[in-house]
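This report concerns only the one structure given below.
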Amino acid sequence: MKHDDSVYRVMVRMRIHPGMERDFERTWREIAATIARHPANRGQSMAKSPTEDGVYYVTSDWENEERFHEFEHSPEHAANRMRLDPYRDPAGTSMTPMLVSTRLDERPAQQPGRVRVALYLNEPESDKGSIETAYHQISTTLAGRPGLRGNELLRSLRDPRRYAVLSEWDDLPAYREWERSPEHLPTTSPLARYHDKNLGIFGSYQVVAAY
């Protein structure tokens, strides 16, 4: 563990209007991508309450309190709030600031031996948005899976109908255990009909060097 009282954390609780959750999540991801480029931002996350309908918790970490307040009073932040306001109930919104005093050391970001798996997908013109929906469904189910470091949905720059899901695993045994588990095929089945057989469906790679 390490002590780090310079990290200023802000947690926002939001209740989203019924039926608007999917649009809210998409908008938040777009906003988060821009905030991630801010030099004082240390990271962000969004979590959905499993017990309260439409309730989300958005957490962001900042270099310190002063830098956060600089961002909070910026035109960029005002524009972000305007984009989110149509989705959220003002009565169900609250903000809690805090200082991170203790946290577990993170594993090295670049570590040889990790395994990356690329799944290639092709979305029919008549079924736009279906791959992204299936991807979020599967990723929610996989959250907390031992050995899984994370995954990403990538869209081709040349052909917007083609996608790849890139997942990263601690090592080969962790990935093989998942691959052979009885829940593997049922969990990933929502994407099965989009497999791009022209590209061999998927490829698996082990990291041998990194910088």
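The values are calculated or read from the model by the stated rules, or taken from the named source; none is laboratory data. All values derive from a computational prediction rather than experimental measurement. Note that each Cβ is placed from the backbone with ideal geometry, even for glycine, and that neighbours are counted across all protein chains shown. Areas reflect the complete protein model, heavy atoms only, side chains present, ligands, DNA and RNA absent. Shrake-Rupley method; radii C 1.70, N 1.55, O 1.52, S 1.80 Å.
Among the residues making up the stretch 84-125, those that are of a type in the set (D, E, K, R), surrounded by fewer than 17 Cβ atoms within 10 Å (Cβ to Cβ) and at pLDDT below 85 are Arg103, Asp105, Glu106, Arg107, Arg116. On the stretch given as the stretch 30-60, residues that are in a helix (DSSP H, G or I), of a type outside the set (A, V, I, L, M) and open to solvent by less than 60 Å² (accessible area, probe 1.4 Å) total 1. Taking the stretch 127-144 only, how many residues are aliphatic (A, V, I, L, M) and not in a helix (DSSP H, G or I)? Number satisfying all stated conditions: 1.
Filtered by the rule that a residue be touching a residue at least 60 places away in the same chain (Cβ under 8 Å) and assigned to a strand (DSSP E or B), the stretch 61-102 gives Arg88, Ser94, Met95, Thr96, Pro97, Met98, Leu99, Thr102. Within the stretch 145-157, can one find any residue that is at pLDDT below 90 and in a helix (DSSP H, G or I)? No, that holds for no residue. When the stretch 61-95 is filtered for residues that are over 18 Å from Ile16 (Cβ atoms) and in contact with a strand residue (DSSP E or B) (Cβ under 7 Å, 6 or more places away or on another chain), the ones remaining, listed by number, are Asp61, Trp62, Glu63, Asn64, Glu65, Phe68. The single condition from (1) open to solvent by 60 Å² or more (accessible area, probe 1.4 Å); (2) in a helix (DSSP H, G or I); (3) not charged (D, E, K, R) that Thr27 fails is (1).
Just to be sure before I move on: is Ser181 polar (S, T, N, Q), surrounded by 11 or more Cβ atoms within 10 Å (Cβ to Cβ) and modelled with pLDDT of 90 or more in the structure I sent? Yes.
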